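To start, the structure itself, in structure tokens.
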Amino acid sequence: MGADEIIYAPIPKPPPLRRIHSDALYEQDSDARRSLEYHRTRTTEEIVESLRPGADESLKVKPDGRIFQGNTRIKVLEERGYPVNDLPRDPIP
């Protein structure tokens, strides 16, 4: 290996996302159910854009993967088969 060669270390993947709202919540809580129904009417692109870092309601995630903002939108994307673990995150301590 020459002195001018650069070695890149792989970037570790963050842990898988974990919703803190169970599916049962959407059956038991009318506000949660309304939110789910609303987000199901939005396009995948709209939902992904709303979760991006810097957005008003970005995807906020703890270091262990627990979602603190974006649970319902992530549920909808999961239902659609979207690769949610590839989404950028706004980390929170």
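Taking only pairs six or more apart or across chains, which ones have beta-carbon atoms under 6 Å, a first residue in segment 5-26 that is closer than 12 Å to Val84 by Cα, and a second residue that is among the small types (Gly, Ala, Ser)?
Qualifying pairs under 6 Å: Pro15/Gly65; Pro16/Gly65; Leu17/Gly65; Arg18/Gly65.
Please enumerate the residues belonging to segment 22-63 that are aliphatic (A, V, I, L, M) and either touching a helix residue (DSSP H, G or I) at 6+ places or on another chain (Cβ under 9 Å) or surrounded by fewer than 17 Cβ atoms within 10 Å (Cβ to Cβ) (or both). Show your work before the answer.
Pass one, segment 22-63, residues aliphatic (A, V, I, L, M): 24-25, 32, 36, 47-48, 51, 55, 59, 61.
Those that are aliphatic (A, V, I, L, M) and either touching a helix residue (DSSP H, G or I) at 6+ places or on another chain (Cβ under 9 Å) or surrounded by fewer than 17 Cβ atoms within 10 Å (Cβ to Cβ) (or both): Ala24, Leu25, Ala32, Leu36, Ile47, Val48, Leu51, Ala55, Leu59.
Taking the condition in contact (Cβ under 8 Å) with a residue 40 or more places away in the chain, touching a strand residue (DSSP E or B) at 6+ places or on another chain (Cβ under 6 Å) and of a type in the set (A, V, I, L, M, F, W, C), does Ile92 pass?
Values: in contact (Cβ under 8 Å) with a residue 40 or more places away in the chain: no; touching a strand residue (DSSP E or B) at 6+ places or on another chain (Cβ under 6 Å): yes; of a type in the set (A, V, I, L, M, F, W, C): yes.
In short, no.
Can you say whether Val48 is touching a residue at least 40 places away in the same chain (Cβ under 8 Å) and not aromatic (Phe, Trp, Tyr), as far as the supplied structure shows? Give the steps one after another, and end with the answer.
Details: touching a residue at least 40 places away in the same chain (Cβ under 8 Å): no; not aromatic (Phe, Trp, Tyr): yes.
It is false that Val48 is touching a residue at least 40 places away in the same chain (Cβ under 8 Å) and not aromatic (Phe, Trp, Tyr).
Taking the conditions exactly as written (over 15 Å from the mean Cα position of the chain (by Cα), modelled with pLDDT under 95 and under 27 Å from Pro93 (Cα atoms)), does Ile11 satisfy them or not?
On the way: over 15 Å from the mean Cα position of the chain (by Cα): yes; modelled with pLDDT under 95: yes; under 27 Å from Pro93 (Cα atoms): yes.
Considered against the rule, which asks whether it is over 15 Å from the mean Cα position of the chain (by Cα), modelled with pLDDT under 95 and under 27 Å from Pro93 (Cα atoms), Ile11 comes out as yes.
The values are calculated or read from the model by the stated rules, or taken from the named source; none is laboratory data. Quick caveat, the model's predicted, so the values are computed rather than measured. Neighbour counts are summed over all protein chains in view; Cβ atoms, including those assigned to glycine, are modelled from backbone coordinates with ideal geometry.
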